[in-house]
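The values are calculated or read from the model by the stated rules, or taken from the named source; none is laboratory data. In this text the structure is predicted, and so the values were computed from the model without any measurement. Cβ placement follows ideal geometry from the backbone for every residue including glycine, while neighbour counts extend to all protein chains displayed.
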Amino acid sequence: MASAEKLRENLFSITWSGVNCGLANNEATVMDLPDVFESCQLSWSRIMKGQQILDLNFVVSKTLKPTNLQTMSILATNNGVKQKMKLENTKWTTTWMLTAGRNNCQYCSNFSTTSFNILIDLTPDMEFTVKKGAIHVLDHISNLWKTKTLSDVTFRCNDKEIKAHVMIVASCSPVLAAMFTNDCKESYERIVDIKDFTPDTFSRLLRFMYTGDASLETDVTEEGITELLIAADKYAVETLKKECAQYLSRNLKVENAARFLVLAHLHNSCVLHESTLEFMSKNAKAVCSLCVYSGEIDGENPKM
């Protein structure tokens, strides 16, 4: 029997419990949450070498906002073992090894019971859902970024000056917090020279501290997002760094895979490192055929 429930906005859980009793295949239909799923089918099959495969195929209701399958995150748990499901064509799938003798069926001793818990996150890049009661606070902070009212620090980046508020940027960046709370000239002069990032990149970094919005899907180039990730890493703005890594992971290509792997290594991005390695393992021949591969990995970065 399979059932589903809504945990929060865009986050759903499906529970499927049952006994295989020697059947090679099992199927179930989720009837709950018709306003979320137009259809939702589960299938389980046992294959050779003691492996079991779980497939999930669903269609999101048209009443919800348009959802990109590529950006969803689905995690399945079987007898305490968690696995991330992968998208293959239009269905999600994952594989486990069967554990002999575990949870034996009460009707026969040869096959074990099987239960699954599936967590579906339609918007995994969103860290939290803002409550209505907090919206006015966020609006006021965002307004400070726009108006610069009572700003008390100036960041000089090339020929551009960017006004900000020490309390806000220090609360978002441990690096800036240390700068303003220790015996540094910046803590007295309240002027910070930025020499390693463009005005646009550093302005985006500061704006994220005020608004939580990086606007990566709109008008930022791949090069711009790469520089923004580097800036987020330098100033320890981990949420922005993760958001940039997730965006780059969704835009992996043979031409940029080696470069992204180096980027992930140099700036300690586990998200980008894992997704890039997975992409390269699937496209190893094409990636290795590029001359840039040996240059970026072996030449400039011997540790890689």
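Here is a check on your reading of the model: is Ile135 in contact with a strand residue (DSSP E or B) (Cβ under 7 Å, 6 or more places away or on another chain), at pLDDT below 95 and of a type outside the set (S, T, N, Q)? Don't jump to the end; show me each part of the working.
On the way: in contact with a strand residue (DSSP E or B) (Cβ under 7 Å, 6 or more places away or on another chain): no; at pLDDT below 95: yes; of a type outside the set (S, T, N, Q): yes.
Criteria not met by Ile135.
Looking at (1) of a type in the set (Ser, Thr, Tyr); (2) exposed (fewer than 11 other Cβ atoms within 10 Å of the Cβ); (3) within 29 Å of the chain's Cα centre (by Cα), can you tell me which one Tyr188 breaks?
Result: Tyr188 passes all but (3).
Table: residues versus (1) modelled with pLDDT under 85; (2) basic (Lys, Arg); (3) in a strand (DSSP E or B); (4) in contact with a strand residue (DSSP E or B) (Cβ under 8 Å, 6 or more places away or on another chain).
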site	(1), (2), (3), (4)
Phe12	no, no, yes, yes
Ser17	yes, no, yes, yes
Ala28	no, no, yes, yes
Gln52	yes, no, yes, yes
Leu56	no, no, yes, yes
Lys65	yes, yes, no, no
Ile74	no, no, yes, yes
Gln83	yes, no, yes, yes
Arg102	yes, yes, no, yes
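Quick check, is Asp233 out of contact with any Gly (no Cβ under 9 Å at 6 or more places or on another chain) and modelled with pLDDT under 95?
Working: out of contact with any Gly (no Cβ under 9 Å at 6 or more places or on another chain): yes; modelled with pLDDT under 95: no.
For Asp233, the condition - out of contact with any Gly (no Cβ under 9 Å at 6 or more places or on another chain) and modelled with pLDDT under 95 - is not met.
Just one of Thr201, Thr181 is touching a Gly at 6+ places or on another chain (Cβ under 9 Å) and more than 18 Å from Leu144 (Cα to Cα); which is it?
Values: Thr181 fails: touching a Gly at 6+ places or on another chain (Cβ under 9 Å).
Answer to the selection: Thr201.
Could you tell me whether any residue of the range 228-235 is surrounded by 14 or more Cβ atoms within 10 Å (Cβ to Cβ) and either over 29 Å from Val137 (Cβ atoms) or in contact with a Phe, Trp or Tyr (Cβ under 6 Å, 6 or more places away or on another chain) (or both)? Before the answer, list the steps.
Just the residues of the range 228-235 that are surrounded by 14 or more Cβ atoms within 10 Å (Cβ to Cβ), to begin with: 228-235.
Add one more test, that the residue is either over 29 Å from Val137 (Cβ atoms) or in contact with a Phe, Trp or Tyr (Cβ under 6 Å, 6 or more places away or on another chain) (or both), and what stays is 230-231.
Yes, because at least one residue in the range 228-235 is surrounded by 14 or more Cβ atoms within 10 Å (Cβ to Cβ) and either over 29 Å from Val137 (Cβ atoms) or in contact with a Phe, Trp or Tyr (Cβ under 6 Å, 6 or more places away or on another chain) (or both).
I need the full set of residues from the range 236-276 which are exposed (fewer than 14 other Cβ atoms within 10 Å of the Cβ) and farther than 23 Å from Asp213 by Cα, in order please.
Lys253, Glu255, Leu266, Glu274 - these are the residues of the range 236-276 that are exposed (fewer than 14 other Cβ atoms within 10 Å of the Cβ) and farther than 23 Å from Asp213 by Cα.
Can you pull out the residues in the range 271-286 that are touching a helix residue (DSSP H, G or I) at 6+ places or on another chain (Cβ under 8 Å) and not aromatic (Phe, Trp, Tyr)? Write out each step before concluding.
Keep residues of the range 271-286 that are touching a helix residue (DSSP H, G or I) at 6+ places or on another chain (Cβ under 8 Å), which gives 271-273, 275-277, 279-280, 283.
Matches in the range 271-286: Val271, Leu272, His273, Ser275, Thr276, Leu277, Met280, Asn283.
Would you mind stating whether Glu238 is under 16 Å from Ala170 (Cβ atoms) and out of contact with any helix residue (DSSP H, G or I) (no Cβ under 7 Å at 6 or more places or on another chain)?
Details: under 16 Å from Ala170 (Cβ atoms): yes; out of contact with any helix residue (DSSP H, G or I) (no Cβ under 7 Å at 6 or more places or on another chain): yes.
So Glu238 passes the test.
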